[in-house]
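This report concerns only the one structure given below.
The values are calculated or read from the model by the stated rules, or taken from the named source; none is laboratory data. Since this is a predicted model, take the numbers as computed values, not measurements. Don't worry about glycine lacking a Cβ; one is built from the backbone with ideal geometry, like all the others, and counts go over all protein chains shown.
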Amino acid sequence: MSTPRTFPTESAIGLTTASHLMVPQANAKAGEASARTPDKAGVMHPLDLARVTLGGEFGRRVERIIEANILKIDIDETFLVDFRKRGKGGVTQGYVGLGKFIDAVVRLAAGTGDARLIHLKKKTIAGLLATQDPDGYIGIVEDPDDRMKVLWDLHENGYLIWALVSDYHFFGNKTSLNGAQRMADYVLARLSANPQLLGKVDGYVPFSVASIGVDRAFLALSHATGQKKYRDFIIDTLELNEFNPEIHAAFLPENHAYTYMAHCQAQLDLYRETGDPRLLRATRRALAFMRKGEGLLVTGSCTDGECWHDTQNGLANTSETCLSAYLARVMSSLLELEGDSLYGDIMERDIYNALFAATAPDGSKSRYFTPFEGKRIYDKFGYRYCCANNNKRFLAELRGWMYYRTASGVAVNLYNASTATMNLPSTVELKIEQETNYPSSGDVLLKIDPSKAAHFEVKLRIPGWCKAATVSVNGGAPETVAGGRFHVLERTWKSGDVIELKMPMEWRFIRGRRSQVGRVAVLRGPVIFTFNPGCNLELTGHSDFDPRLIAIHPLEVEPPAEDNSVRPGGVACKLKTWPPGKSPWPTTERIPLVLTEYPDPNGQGIYFITPDAAASAIVEDELIDTVRRVV
């Protein structure tokens, strides 16, 4: 194994001592910051899930995960049987992931109002609580002496508590809250009597990894019950304020990226209460590693073998789904605290590529990892374990990341056909309807419908990939606005007002880094395009074919072509490539090449050779800070 590469601290790479996490000025460029620390109360506030109705690709994805996945699962045989029978637990028995599943069903039920999901969550929770011991324990480990000593017992406990508190939060179920509280009290008693459990679990996994989800669950339980002991536990015993480990690019349990981002999310939750600046350090470090180092993949995710890495290779165990889901959650939290459009840009790259590719287009299956080089495989654990159910949780939360209330109105973060309702000051009820086929095009029509004429702002995220957008109101003269910021429209709005946003989607050829130097990835809007061998039989049937040798010329790309193979109304990229075994000379005859959208389950490559790596058509990734990149 190679020597781990330690990413330097923020000060070592020139970050200000105040923080990278600062509220940007209204007219600042993306990524620039003012001198103020984040507003712990938040500058943006997500809407309740039931306030947003989804259409478009978001709606289709959510509908498919419900119909083709969640409602097809035998809950008893897939999940509950292990809680009834119990066994040795740990690696020998496997991990269940029921807490994550319940949380997804609760949030989907709250967002959609679907009676079938409401029935399913009631049935599943009742079955779970029926297995609870008198001392409060719920789990799959039979021997009381082994509980919390083996993997992943405490991790399962944390997410079960979180899910039960979610049921109380969205549906007011006090039985769920009581079950969560009894579970948490069991954990407190067990750790108090056996402090050695705070060391390595199963002899090699750090407690911080084995306890993923416990900190956030206990904080949520403290809010729900008003009992300070749960909050004190995560501060005094788990030392959440102090979590700020170095990031190493190495395959070691200590470098588990999902663990890191899950604790960052819990820290940001606690920061909203306390404003303690220590709670921002780990998130700053992760952002520095991803944007100023080489940690962020072009797909919007990161990790190799569940750990941080910076090689930019996309083989085998690249892009763990749990990490991709938590990266999106952390970006939403940062957006709430700061209001910087950069975080929305990272979210949409992650969503449209890493996360959508982690689920089969028909919603039936999901992936543990999603490599962008070589074949992708579906998760051998099926509906169980963390990735399959964190993926469901992401889709359940997606509607909550689209619109945010601001102090003066509303911000639109993600573009997708949808409607949203919210209460504004002065007893104004606002309805927004979004008409668009994004990401097939960047044209968005927003119908503004306040219950009465009122003065407020509508903020539109103009992505960093968009060089210049145009915005018009009620058919008036279009205003040209730069990308990489929120554009603010402040006026007196009345029912029937319409905003027309046009974001031209040009092909982008993003320069590869580290192991991808000399190669380019093809993007349009937030979507990456991938090589599917089945769509290019003239190329792959050649005896000399090697996918790593595919060469393209950016100037030869054709206009987007309609392609329904991955999603309804999708697009494909058509260009030409040099025949296998032929050098990419300008005079050599080309053959057709078709690239499909990244979620194509048969995609096997996104980086391609180009004859002139310095060509002006090749650009840097707008999500990466190239000025301060550490190489």
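Some observations on this one:
- Out of 428, 330, sole residue that is of a type in the set (A, V, I, L, M) and in contact with a strand residue (DSSP E or B) (Cβ under 6 Å, 6 or more places away or on another chain): 428
- Checklist (1) more than 27 Å from residue 252 (Cα to Cα); (2) crowded, with 23+ Cβ neighbours inside 10 Å applied to residue 327, failing item: (1)
- Residue match in the stretch 335-344 (condition: assigned to a helix (DSSP H, G or I), surrounded by fewer than 24 Cβ atoms within 10 Å (Cβ to Cβ) and touching a Cys at 6+ places or on another chain (Cβ under 8 Å)): no
- Total residues in the stretch 354-385, condition within 21 Å of residue 527 (Cα to Cα) and part of a helix (DSSP H, G or I): 4
- In the stretch 518-540, the residue that is surrounded by the most Cβ atoms within 10 Å (Cβ to Cβ) out of those that are of a type in the set (A, V, I, L, M, F, W, C) and within 26 Å of residue 343 (Cα to Cα) is 528.
- Checked against the criteria, residue 518 counts as more than 24 Å from the chain's Cα centre (by Cα) and either in the same structural domain as residue 550 (by TED's automatic domain parsing) or in contact (Cβ under 8 Å) with a residue 60 or more places away in the chain (or both).
- Scanning the stretch 272-294 for residues being touching a helix residue (DSSP H, G or I) at 6+ places or on another chain (Cβ under 7 Å) and either hydrophobic (A, V, I, L, M, F, W, C) or surrounded by fewer than 22 Cβ atoms within 10 Å (Cβ to Cβ) (or both) gives a total of 7.
- Residues (crowded, with 16+ Cβ neighbours inside 10 Å and farther than 21 Å from residue 298 by Cβ) located in the stretch 468-497: 469, 471, 473, 481, 485, 486, 487, 488, 489, 493, 497
- Residue 258 in contact with a strand residue (DSSP E or B) (Cβ under 7 Å, 6 or more places away or on another chain) and either within 18 Å of residue 516 (Cβ to Cβ) or assigned to a helix (DSSP H, G or I) (or both): yes
- Within the stretch 280-295, the residues that satisfy the criterion of being of a type in the set (D, E, K, R) and either closer than 12 Å to residue 264 by Cβ or not in a helix (DSSP H, G or I) (or both) are 281, 284, 285, 294.
- Among the numbered conditions (1) part of a loop (DSSP other than H, G, I, E, B); (2) at pLDDT 95 or above; (3) in the same structural domain as residue 581 (by TED's automatic domain parsing), the only one that residue 545 does not meet is (2).
- Total residues in the stretch 344-377, condition in contact with a Pro (Cβ under 8 Å, 6 or more places away or on another chain) and among the aromatic types (Phe, Trp, Tyr): 2
- Meeting the requirement of 1 or more residues that are surrounded by 14 or more Cβ atoms within 10 Å (Cβ to Cβ) and small (Gly, Ala, Ser), the helices (runs of 4 or more DSSP H) wholly within the stretch 44-146 are 56-67, 90-93, 98-112, 115-129.
- The stretch 583-610, residues that are farther than 20 Å from residue 544 by Cβ and at pLDDT 95 or above: 595, 596, 597, 598, 599, 600, 601, 602, 603, 606
- Comparison of 93, 132 shows that the only residue that is polar (S, T, N, Q) and in contact with an Asp or Glu (Cβ under 9 Å, 6 or more places away or on another chain) is 93.
- Residue within the stretch 522-533 that is assigned to a helix (DSSP H, G or I) and modelled with pLDDT of 95 or more present: yes
- Flag set for residue 103, criterion: in the same structural domain as residue 200 (by TED's automatic domain parsing) and not aliphatic (A, V, I, L, M).
- The single condition among (1) out of contact with any Phe, Trp or Tyr (no Cβ under 9 Å at 6 or more places or on another chain); (2) aromatic (Phe, Trp, Tyr); (3) more than 29 Å from residue 373 (Cβ to Cβ) that residue 493 does not meet is (1).
- Test: residue in the stretch 246-268 that is under 21 Å from the mean Cα position of the chain (by Cα), surrounded by fewer than 22 Cβ atoms within 10 Å (Cβ to Cβ) and not hydrophobic (A, V, I, L, M, F, W, C): yes
- Sole exception among (1) modelled with pLDDT of 95 or more; (2) part of a loop (DSSP other than H, G, I, E, B) for residue 310, by number: (1)
- Filter pass, residue 405 being in contact with a His (Cβ under 6 Å, 6 or more places away or on another chain) and not small (Gly, Ala, Ser): yes
- When residue 560 is tested against (1) buried (at least 20 other Cβ atoms within 10 Å of the Cβ); (2) outside the structural domain of residue 469 (by TED's automatic domain parsing); (3) of a type outside the set (Phe, Trp, Tyr), exactly one condition is not met: (1).
- Apart from one condition, residue 558 fits all of (1) free of Cβ contacts under 8 Å to residues at least 24 places away in the same chain; (2) closer than 17 Å to residue 519 by Cα; (3) among the charged types (D, E, K, R); the exception is (2).
- Helices (runs of 4 or more DSSP H) wholly inside the stretch 180-238 that include at least 1 residues being of a type in the set (Ser, Thr, Tyr), within 22 Å of residue 385 (Cβ to Cβ) and not assigned by TED's automatic domain parsing to the domain that holds residue 387: 207-210
- Any hit, the stretch 129-147, residues being free of Cβ contacts under 8 Å to residues at least 40 places away in the same chain and within 21 Å of residue 48 (Cα to Cα): no
- Candidates in the stretch 548-582 are the residues that are small (Gly, Ala, Ser) and part of a loop (DSSP other than H, G, I, E, B); of these, the one that is modelled with the lowest pLDDT is 581.
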